[in-house]
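Inspection log for the structure reproduced underneath, given as structure tokens.
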Amino acid sequence: MRIQRQLMHKQIIKTFLAGALVFAAGCNQQQMAAGMKMGSAVTMSEEKEDELGQSVVIAATNRWPILDRPALNKYVTLVGLTVAGATNRPDGNWQFAVIDTPDIGAYSGPGGYVLVTRGAIEAMEDEAELAGVLAHEIAHVANKDGFEAVKRARFNEGALQFAAASDSRLAAFGKETDLLVNTVLTSGWNQDQETKADASAVKLLQRAGYDAGGLPRFLARMEQRRGGSGRGKAFGTHPGTADRVAKTTSQIGSAKPGATNRERFAQAKAEARL
């Protein structure tokens, strides 16, 4: 049974990563070369990050399957890569997918794994809003929030004291992944991490040429749907939405708006029957 579960999880990851092949034909030679260079320069810490990120993907897709809309997944991937290209890791192992749930949310795991829900896309009105939500999750990855959370937990709980034995290392890693999955999918990041992710997202959107107002615009709409409660099912793992809207709007200030690509977004939704 254990072997069967391992094979099933490997297949989930294989399916998720296969999404990268969808857009490979559209990459230019410089992007492809950068990706090959990245593959030859992976550090141990990055390998660990990727394993942790895969654990988040497995846990998420155990709850919600990846949406069977290849064209929409390709579109979300291209938008995500555009934003990720503005980070300090433009040639990283960025992977994007839409998960099939009406809940409104988005999640990310170390190493570059980003998931957005079908419900979130249905609630969006333009590409800038999609880019904004993805940018927030990309920022968590770029800021290494998941990896740092695991390292802090390991230190605080004294896991290093028994890391000499292989069985203990396996047990420690399992405990770390459980903690990370709970943080990403249930409890959420701390206030400081969320605030920094929003601030970083605004900068990424502006660098990528998107209308950074898409993020607070989408958040404000979600706040209105909840009746101003500040929390709730939509992005329930994030801090008070009104405060996020105020801070991101203030950060954007009088900056010149970027692209919204409303028609292209509407077409992508229509083709996916959303």
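Can you give me the C-alpha center-to-center distance between segment 88-136 and segment 181-195, rounded to a whole angstrom?
16
Take Arg63, Arg225 and order them by how many other Cβ atoms sit within 10 Å, fewest up front.
Starting with the residue having the fewest Cβ neighbours, the order is Arg63, Arg225.
Starting from the Cα-Cα distance between Arg89 and Asp178, subtract it from 0.36 nm times their residue separation and give me the gain in nm to one decimal.
Roughly 29.4 nm would be gained on extension.
Read-outs: derived from the displayed coordinates by stated rules, not from any lab. Nothing here was measured: the structure is a model prediction, and the numbers come from that model. Backbone-built Cβ (ideal geometry, glycine too); neighbour counts: all protein chains shown.
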